[in-house]
Amino acid sequence: MLIIAGYHAFEAVPGNTFIHKIDIRTKIVALLCLTILTILIDSPMSLFLLFCIALSLHFMARESFVRWRILMILILLSIWSSVSTQALFYNQEPKTMLACLVLPATPIIGPLTEGVYIYQEGIEYGAIQALRGSIVLALGLLLSWTSDPRQLLKSLLFWKIPYQIAFMLITGLRFLPIVFSETVIVLTAQRLRGFEPLKTIHVLKATSQTLLPILARSLRRAEILAASIESRGFGRDTHQVQLIPWKTGEKYCCYLLLVMIVLLIGLKGINALQFIGVTYIPAWRKIYDILKIWL
Amino acid sequence: MKRIGNIIITTLFILTILTIGKYVFKDYIRSYSFFSNVSMASSGAVYHKIKEVSLGSVKPYTYQSYTFLVEGLLKFSPDQKCLAVGTENGDILLFDEQGKLLWQKKIGLGEISALEFSKDSQILYVGESSQDGNLYAVEVVTGEERYQYSTSNELGANLSEKEFPKILSIVTDEKGYVYFASQRKGSYADHTDKYSSRLYKFDETGKNKKYFPQTENMDTSISWLESDREGKKIVFGTSNWRLSRPIQWDKTIYCIDFTSDNVLWGQTLAARPPYQNATLRNNPNLSEDGKYITAFTGDCTAYLFSGEGKLLWRRAVSQPQKINGVYINAVGLYSKVTEEYSIFATTNTHNRGNWRLFTPIEDPNSNSIFVFDAAGKLLKRSQMGEMGMIEQLIVENKQIVIAIGRNLKTKSPEQHGVYILDLPQANIIEKLKTAGPCIGVAVSRDGQKLAALEAPLQLDNGEIVGEYKMHLFNKK
């Protein structure tokens with residue numbers, strides 16, 4: 001279902017919302033800053049607030065329900081996979097056992113594993129950690145769904161990234177929906193021949209019979225693309241279409257965001273120095289208090 | 001079919017996010033009534049429970065650890081209209097008499113170590129342990145900070161060794177003064193303890209400050225501070241556990257006059273072998289009129305002094321005994337004095353060989369309440385060891401109120417809770433059960449309200465019983 005739904009999932013759709021109107025460069029800088037912020041923050045409260053902000057940006061972009069469904073499924077997968085792994089393999093103390101999946105007395109597997117349990121603290125820890133991944137996922141999808149890839153390429157060139165690297169990056173992104181469409185075609189072709197790859201019990205056989213045609217078709221497309229761009233003179237120093245000017249207000253917002261991130265990294269460093277007992281500035285006590293609670 | 005799938009995905013997504021949100025912000029939403037469950041099962045014949053408030057997550061107690069893992073402080077205001085709670089997570093919560101949260105503050109970097117109201121119930125004083133060792137004076141009505149003072153100005157702080165000043169005890173008088181003791185514990189090269197302590201007297205504005213001693217720190221460990229009603233006498237006890245060299249402030253109990261900066265008297269309490277020096281914890285206790293002082297040393301000797309420092313009587317409550325080459329004894333922890341009686345409470349049996357380890361047998365006088373009359377005659381000994389460890393003792397309104405924590409021998413969680421005993425018979429007249437160990441208790445001056453603090457406990461089978469929460473009771 002996800003594969004079929006994702007056929008157009010990663011392609012940008014033109015829109016007239018505030019989010020769509022933001023310059024692609026502003027979006028990239030904001031995504032970068034918020035990703036760094038997600039790594040910097042340890043406070044579950046701040047991470048949750050950041051996650052809510054990421055979701056509210058999707059509301060502002062007036063995403064279709066199909067896209068919301070994709071976003072929800074990906075976030076749920078991210079959260080519940082993290083929750084389930086941490087619930088089983090949480091190694092901090094204390095931990096509260098909620099259920100026992102494998103008793104230590106179970107033959108062979110019991111002595112090997114010393115019992116497999118579900119831990120309450122693991123569930124909580126997993127859920128908080130999954131927020132980090134979910135924030136980056138939601139913001140990445142927002143950028144992908146509200147920005148024209150051609151603008152993305154131009155923005156990379158604007159920042160003096162070598163044309164070849166920028167082109168490869170964007171082409172890679174553009175290939176994702178194509179891979180999805182190839183998958184749909186292969187699955188449809190197999191069904192028409194009476195084979196049900198998603199229902200068969202021969203998983204390995206079904207996987208190879210599905211993946212090989214997809215790989216072959218992707219390679220064929222790549223070859224055609226390579227020949228096509230070669231014939232158009234790829235790599236020649238020709239005039240590029242320029243991006244529209246970056247709005248001054250947005251540009252200063254980006255500077256402000258970057259300054260804030262640098263400041264936060266600095267504050268985090270100062271807090272670390274206090275924690276390990278290297279230096280403490282009594283006049284900054286209020287800042288230390290805020291850092292402890294929110295960062 | 002597709003629509004049902006969409007509904008399931010959307011519902012699951014919303015529920016997942018709401019669950020995470022509720023968990024993340026539990027410290028902020030816990031105090032609202034619709035999140036508070038009141039278990040009437042723990043009500044008794046005299047008191048009934050009106051509120052339970054979760055205080056967040058803390059590392060639970062275990063039976064393997066002797067040390068005090070979870071801390072929390074409770075205090076009713078003198079006008080009995082407010083209850084202040086200081087949590088291990090650094091939250092200061094102020095509730096009204098019905099348990100409704102009035103305001104909440106986070107102390108941030110520090111750990112709350114002492115709480116006290118001014119006698120007019122207008123200011124809440126909060127002491128902390130941190131790099132600054134601050135005293136906070138907070139307006140009771142608004143929760144706004146009136147002033148703060150850093151005791152690291154006098155005591156300093158050793159950042160690399162994490163030796164920070166800590167405010168150990170706060171008392172107030174009827175003239176509006178607050179007295180508090182701050183201490184920084186360090187260590188010499190031979191790993192013996194090194195202490196720096198100071199006493200402070202501030203007025204309500206925090207502008208008029210007095211220190212004792214005025215110009216230098218004391219080289220002793222101050223464990224407890226008491227004041228009479230008018231602040232004429234300030235009594236403090238010391239607890240120098242591991243001394244390797246002579247100290248200037250070597251007495252066990254001191255009485256000072258802050259106005260004249262004079263030591264009115266000091267007493268060195270003799271230690272019983274194998275102890276080298278007597279120590280006081282959670283006491284001495286000074287009667288409100290300043291006429292009597294009780295002291296209960298760690299080696300279990302009970303004392304009653306007159307306000308002028310004259311020893312009225314002394315009683316050996318427990319004698320250290322050598323068992324299998326190791327001395328064991330009950331530990332004297334709390335003492336309270338009323339007009340008629342002196343009440344003393346012991347805690348677990350102490351292992352002289354290694355205080356962190358439990359003893360193979362229990363001292364018969366451990367976890368017991370002793371009630372003496374004014375002449376020093378033992379009226380009643382009530383052994384609470386069958387219940388569990390005495391975590392706090394309060395004597396108010398002719399009643400003894402004790403918080404009972406873990407039972408290290410039977411390991412049964414059934415006996416956790418608050419016990420109310422009559423005076424002087426020390427018979428249990430009420431038991432208010434808590435699921436986890438009860439680690440703190442407070443009673444309003446008229447005895448109409450009672451609050452208890454419960455901590456989580458991890459049983460040997462891994463199960464965790466109880467929560468970190470506050471219970472509020474009303475007298476029927």
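Heavy-atom accessible area of B:Ser160 with all protein chains present, probe 1.4 Å, nearest 10 Å²?
Per-residue accessible area (B:Ser160): approximately 80 Å².
List the residues of the stretch B:145-189 for which accessible area in the full set of protein chains is at least 50 Å² lower than for the chain on its own; 1.4 Å probe, protein heavy atoms only.
Residues passing the criterion (a loss of at least 50 Å², heavy atoms only) are B:Leu159.
Evaluate the relative contact order of chain A (contact order divided by residue number), counting alpha-carbon pairs under 8 angstrom at least 6 apart; express in whole percent.
Reported as a whole number, the value is 27 percent.
Picking from B:Asn367, B:Ser160, A:Val179, whose Cα lies most toward the positive end of the charge dipole for the protein assembly as shown (charges on Cβ: Lys, Arg +1; Asp, Glu -1)?
A:Val179
Given Cα pairs under 8 Å that are at least 6 residues apart, what percent is the relative contact order of chain B?
Rounded, it is 12 percent for chain B.
Could you state the accessible area per residue of the protein assembly as shown in Å², with a 1.4 Å probe and every protein chain left in place?
48 Å²
Can you give the accessible area of A:Glu230 in Å² (nearest 10), computed on protein heavy atoms with a 1.4 Å probe?
130 Å²
Between the stretch B:233-274 and the stretch B:324-371, what is the C-alpha centre distance in whole Å?
22 Å
Taking a spot 7 Å from the Cα of B:Arg272 along the direction of its beta carbon, which residues of the stretch B:358-372 have an amide N less than 15 Å from it?
Inside the label zone: B:363-368, B:370.
Enumerate by residue number the GluC sites (Glu not before Pro) in the stretch A:89-185 meeting two conditions: DSSP loop (anything except H, G, I, E, B), and at most 16 other Cβ atoms within 10 Å of the site's Cβ.
A:Glu114
Enumerate the whole-percent occupancy of each 5 Å bin, from 0 to the last occupied one, for all C-alpha pair distances of the stretch B:351-432.
The percentages, shortest bin first, are 3, 14, 23, 23, 16, 11, 7, 2, 0.
If the reach is capped at under 23 angstrom between alpha carbons, list the lysines near A:Lys154, excluding any in the same chain fewer than eight residues apart.
A:Lys21, A:Lys27, A:Lys247, A:Lys251
Given the options B:Gly436, B:Gly462, B:Phe473, identify the residue whose Cα lies farthest towards the positive end of the charge dipole of the stretch B:431-474 (+1 on Cβ of Lys, Arg; -1 on Cβ of Asp, Glu).
The listed residue farthest towards the positive side: B:Phe473.
Between rounded, prolate and oblate, where does the stretch B:62-221 land on the alpha carbon gyration tensor, with a ≥ b ≥ c its root eigenvalues, rounded for a/c under 1.5, else prolate if a/b exceeds b/c?
Oblate shape, in that a/c is at least 1.5 and b/c is the bigger or equal ratio.
Using DSSP to define loop residues, name the GluC sites (Glu not before Pro) in the stretch B:213-318 whose beta-carbon has at most 11 other beta-carbon atoms within 10 Å.
Sparse-neighbourhood loop GluC sites (Glu not before Pro): B:Glu216.
Leaving out ligands, DNA and RNA but keeping every protein chain, what accessible area does A:Cys100 have, in Å² rounded to the nearest 10, with a 1.4 Å probe?
About 60 Å², ignoring ligands and nucleic acids.
DSSP loop chymotrypsin sites (Phe, Trp or Tyr not before Pro) in the stretch B:328-396 with at most 13 other Cβ atoms within 10 Å of their Cβ, which ones?
B:Trp355
Sticking with the crude label model, points 7 Å out along Cα→Cβ, report the distance from B:Val326 to B:Lys476 in nm, one decimal please.
In this crude spin-label approximation the distance works out to 4.6 nm.
Give me the percent of accessible area attributable to carbon and sulfur for the stretch A:20-146, probe 1.4 angstrom.
Exposed carbon and sulfur together represent 71 percent of the surface.
Which of the residues in the stretch A:94-131 show a loss of at least 30 Å² in accessible area from their chain by itself to the complete set of protein chains, at a probe of 1.4 Å?
A:Pro94, A:Thr96, A:Met97, A:Glu124, A:Ile128
Count charges around A:Met97 for me, please; just the other residues with Cβ under 13 Å from its Cβ, Lys/Arg as +1, Asp/Glu as -1.
-4
Identify, among A:Gln164, A:Leu267, A:Ala226, the residue whose Cα sits farthest towards the positive end of the charge dipole of the stretch A:161-295, taking +1 on the Cβ of Lys and Arg and -1 on the Cβ of Asp and Glu, with the dipole about the Cα centre.
Selected residue: A:Leu267.
Could you work out the mean count of beta carbons from other protein chains within 10 Å of each residue's beta carbon in B:456-462?
Across the residues of B:456-462, the mean count of other-chain Cβ atoms within 10 Å is 2.
Rounded to the nearest 100 Å², what is the buried accessible area between B and A, both sides summed, probe 1.4 Å?
Adding both sides of the contact gives about 3100 Å².
How would you rank A:214-224, B:47-57, highest first, on the average number of other Cβ atoms within 10 Å across their residues?
Top of the packing list down: B:47-57, A:214-224.
Which of the aspartates and glutamates could a cross-linker bridge to B:Lys100, judged by Cα under 16 Å and excluding same-chain residues fewer than eight apart?
In chain and number order, the partners are B:Asp27, B:Glu52, B:Asp91.
How tilted is helix B:2-24 with respect to the longest principal axis of chain B? Cα atoms for both, answer in degrees (0 to 90, nearest 10).
Relative to chain B, helix B:2-24 is tipped by roughly 10 degrees.
What's the local net charge at B:Thr192, with K and R +1, D and E -1, over the other residues with C-beta under 10 Å away?
Surrounding charge for B:Thr192 is +1.
Once you charge only the Cβ atoms, +1 for Lys and Arg and -1 for Asp and Glu, what is the size of the charge dipole of chain A about its Cα centre, to the nearest 20 debye?
Value, rounded to 20: 840 debye.
How charged is the neighbourhood of B:Gln425? Take every other residue with its Cβ under 12 Å from the Cβ of B:Gln425, and add Lys/Arg as +1 and Asp/Glu as -1.
That sum, taken over residues with Cβ under 12 Å, equals +2.
Can you sort A:Val13, B:Val141, A:Val186, A:Val179 by 1.4 Å-probe accessible area, starting with the largest?
Ranking A:Val13, B:Val141, A:Val186, A:Val179 by accessible area, largest first, yields B:Val141, A:Val13, A:Val179, A:Val186.
Compute the Cα gyration tensor for chain A, then decide on rounded, prolate or oblate, letting a ≥ b ≥ c be the square roots of its eigenvalues: rounded whenever a/c is under 1.5, prolate when a/b is larger than b/c in the other cases, and oblate in all that remain.
It comes out oblate by the Cα gyration axes.
Largest first, how would B:Thr19, B:Thr238, A:Thr171, A:Thr113 line up by accessible area (1.4 Å probe)?
B:Thr19, A:Thr113, A:Thr171, B:Thr238
Placing +1 at every Lys and Arg Cβ and -1 at every Asp and Glu Cβ, with all other atoms neutral, what dipole size does chain B have around its Cα centre, in debye to the nearest 20?
It works out to roughly 900 debye.
About the Cα centre of the stretch B:154-252, how large is the charge dipole given +1 on each Lys and Arg Cβ and -1 on each Asp and Glu Cβ? Please answer in debye to the nearest 20.
60 debye
Take B:Tyr179, A:Tyr280 and sort them by solvent-accessible surface of the protein heavy atoms, 1.4 Å probe, largest at the top.
A:Tyr280, B:Tyr179
Give me the percent of the accessible area of the stretch B:308-356 that comes from carbon and sulfur atoms, probe 1.4 Å, all protein chains in place.
Roughly 42 percent of what the probe reaches on the stretch B:308-356 is carbon or sulfur.
The values are calculated or read from the model by the stated rules, or taken from the named source; none is laboratory data. As the structure is a computational prediction, the values presented were derived from the model and not from experiment. All Cβ positions, glycine included, derive from the backbone under ideal geometry; neighbour counts span all protein chains shown. The accessibility values were calculated without ligands, DNA or RNA, using every heavy atom of the protein model including side chains. Shrake-Rupley method; radii C 1.70, N 1.55, O 1.52, S 1.80 Å.
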